[in-house]
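Working notes, beginning with the structure itself.
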Amino acid sequence: MRTQVAIIGGGPSGLLLGQLLHRKGIDAVILERQTKAHVLSRIRAGVLEQGLVDLMREAGVSARLEREALLHDGTILSYDNDQVHIDFRKHAGSAVTVYGQTEVTRDLYEAREAAGAQTIFQVEGVEIHGADSDAPYVTYVKDGSEQRLDCDFVAGCDGFHGVSRKTIPESVRTEYEKVYPFGWLGILSETPPVNHELIYASSSRGFALCSMRNPHLSRYYLQCSLSDKVESWSDEAFWDELRRRIPQEAAEALVTGPSIEKSIAPLRSFVTEPMRWGRLFLCGDAAHIVPPTGAKGLNSAASDVHYLYHGLLSHYQDKDDEGIERYSEKALARVWKVERFSWWMTSLLHRFPEQTEFDLKMQQAEIAYLSESDVAQAALARNYVGLPY
Ligand code: APR
Ligand code: PHB
């Protein structure tokens, strides 16, 4: 089999790239290890930057989002009972869109199927060959038989545990990593959100986040220990702890109910350089991970897709390779700024096990500065709504 772009991974990065290329008549085949149902069962953050919404529109998959998504003009940061409102419109001139990543992925799959583009699910043993030559190809096993996909380019959109990153030889690859000494325990519940905007809450008991998917579905998180087990957190214990960490006013307004999902995720910052090796391009979680504070995971994947899509478009339409040759440099320049923001939000709002009284004072002083400084609020707002591509 032959295609122009072989896309490894049918998560949001691979699907968005595939859809954008398809609209321009560039052929791409997606190879996905799991089933579609499995991919759609993953629950991830739900705050979209305008840049991603624009890409969804360009890919022709924004109709449901435009009908159903919530626009948020700001967010609240709290420190015990003190609250700072960050006004996105005032400081950054735009809002963010609240719409679950699972829904983004669902819309992309529907569009891909409607377009008749090929996705091969449950592939095993994917290997990328000749990425540093003019004739790359991918081999994989489907239903027990070995297959070969020849292509012009390979897009490695296979997430943090995929094969694409590891295909780049160690001698040319540098990895940067920071693992945080805590996790996030998240629940989804069919209850109205406690507030019309998100609340990022720092408290002496640790961080908490009040988020939502829609007016009837809430998403809440608690900073937890890495040794915590989901089974040992009853719904009641979760709600009790959440009430203790958020401002009193919110705690009193909180509507609780049974959780419909509960899971623990570790927090990590990670970047690999370069993001291109010959004809192989890494996109999204395959190249970088952020801690979820600030909701940048999917949004930083989207900016990679933007750079790669435009690079490939220039190659095929104008025979201009500057975009693909500079892909890694352009993508990484933005990735590192997003890494900084996510690390900063995480460092500001969580309690760290080894934290000294001095460290605590620094967090308090930073929040105090944020609450009185328009400039500090503007810096947060501009990063939160999304840096330009
Ligand atoms: N072969 C084929 N597919 C693979 C392989 C492999 N060897 N390894 C992983 N995959 C698939 C996974 O099953 C998954 O569906 O690649 C996909 C990668 O999807 P994501 O992990 O969602 O990564 P990405 O599409 O870059 O999305 C980035 O999603 O993970 C979140 O927080 C992240 O929000 C961010 C966004
Ligand atoms: C979410 O709604 O799941 C969410 C929102 C904001 C974040 C992280 C997660 O920063």
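Could you list, in their original order, any pairs among 178/296; 90/337; 229/361; 90/361; 142/262 whose Cα atoms are separated by more than 26 Å?
Result: 229/361; 90/361; 142/262 exceed 26 Å.
Could you give me D for region 279-389, from Stokes-Einstein at 20 °C and 1.002 mPa s, where the hydrodynamic radius is the Kirkwood radius over C-alpha pairs? Units µm² s⁻¹, please.
Rounded, D is 135 µm²/s.
Can you tell me the FRET efficiency between residue 357 and residue 95 if r is taken as the Cβ-Cβ distance and R0 is 56 Å, rounded to the nearest 0.05?
0.90
Label the chain by shape, choosing from rounded, prolate and oblate, from the square roots a ≥ b ≥ c of the eigenvalues of the Cα gyration tensor; if a/c is under 1.5 it is rounded, and otherwise prolate applies when a/b is larger than b/c, oblate when it is not.
Prolate is the answer for the chain, as a/c is 1.5 or above and a/b outweighs b/c.
How many percent of DSSP beta bridges within the chain run antiparallel, rounded to 5?
75
Of all accessible surface on the chain at a 1.4 Å probe, what whole percent is carbon and sulfur?
49
Over 5 Å intervals from 0, what percent of Cα-Cα pairs in region 150-212 sits in each interval?
Final binned percentages: 3, 10, 13, 15, 11, 10, 11, 11, 9, 5, 1, 0.
What share of the DSSP beta bridges in region 1-109 is antiparallel, in percent to the nearest 5?
75
Which number do you get for Rg(Cα) / (2.2 N^0.38 Å) in region 38-116?
So the Cα radius of gyration is 1.32 times the expected 2.2 N^0.38 Å.
Accessible area per residue, 1.4 Å probe, Å², for region 179-264: what's the number?
Heavy-atom SASA per residue in region 179-264 reads 42 Å².
How far apart, in nm, are two points set 7 Å out from the Cα along the Cα-to-Cβ line at residue 317 and at residue 73?
Output for this residue pair reads 3.6 nm.
Which order do 277, 343, 239 take by accessible area at a 1.4 Å probe, largest first?
Descending order: 343, 277, 239.
The values are calculated or read from the model by the stated rules, or taken from the named source; none is laboratory data. Quantities reported herein were computed from a predicted structural model and do not represent experimental measurements. Because the Cβ atoms are built from the backbone with ideal geometry, glycine has one as well, and the counts that use them run over all protein chains shown. Heavy atoms of the whole protein, side chains included, go into the accessibility calculation; ligands, DNA and RNA do not. Shrake-Rupley method; radii C 1.70, N 1.55, O 1.52, S 1.80 Å.
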